[in-house]
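Report on the structure given below.
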Amino acid sequence: MNTPDNTPPPANVVYHQHDYNNQPTKTSGLAVTSMIMGILSVIGGAFFILPPILAVIFGHVAVGSCNKNRMLAGKGMAIAGLVMGWLCLAGWIVFFLFFGGLAALGIAAGAASSVH
């Protein structure tokens, strides 16, 4: 390859290559588990309470381990599992508060109507 004035490039030209040694080499198993539990909690969130709890626990542990060990990949999967887990847990909390409130109102109304 010649330069614009048709002279060959100098012999001491060094072509820089990317250093791939600092890239993450292993994916965190906890991050993968957190994302899988998050997906399961979104798909079956109305039926299961355990997957969102596990997604949150595994997600927090995986994010901590990815922050501590820079050679460990999977932080994005851990955050995805965390988000899905917390959203499903929030749905469960709203569900229990709503129907718990309805039950409390029903009990209070039943008690008030039986006292004549």
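Give the residue, chosen from 41, 65, that is touching a strand residue (DSSP E or B) at 6+ places or on another chain (Cβ under 9 Å) and either among the polar types (S, T, N, Q) or more than 11 Å from residue 88 (Cα to Cα) (or both). Give the steps one after another, and end with the answer.
Details: 41 fails: touching a strand residue (DSSP E or B) at 6+ places or on another chain (Cβ under 9 Å).
None of the others qualify; the one that does is 65.
Give the number of residues within the range 30-82 that are surrounded by fewer than 17 Cβ atoms within 10 Å (Cβ to Cβ) and among the aromatic types (Phe, Trp, Tyr).
2
List every residue pair whose Cβ atoms lie under 7 Å apart, where the two residues are 6 or more positions apart in sequence or sit on different chains, the first residue falls within the range 83-102 and is within 16 Å of residue 35 (Cβ to Cβ), and the second residue, located anywhere, is assigned to a helix (DSSP H, G or I) and among the hydroxyl-bearing types (Ser, Thr, Tyr).
Filtered contacts from the range 83-102: 84/41; 85/41; 88/41.
How many of the residues making up the range 13-51 are under 16 Å from residue 61 (Cβ atoms), among the β-branched types (Val, Ile, Thr) and at pLDDT below 95? Lay out the reasoning, then the answer.
To start, the set of residues in the range 13-51 that are under 16 Å from residue 61 (Cβ atoms) comprises 26-38, 51.
Those still in the list that are among the β-branched types (Val, Ile, Thr) too: 27, 32-33, 36.
Narrowing further to those that are at pLDDT below 95: 27.
The total comes to 1.
The values are calculated or read from the model by the stated rules, or taken from the named source; none is laboratory data. Computed from a predicted model, the values in this text were never measured in an experiment. Please note: Cβ atoms are built from the backbone with ideal geometry, for glycine as well, and neighbour counts cover all protein chains shown.
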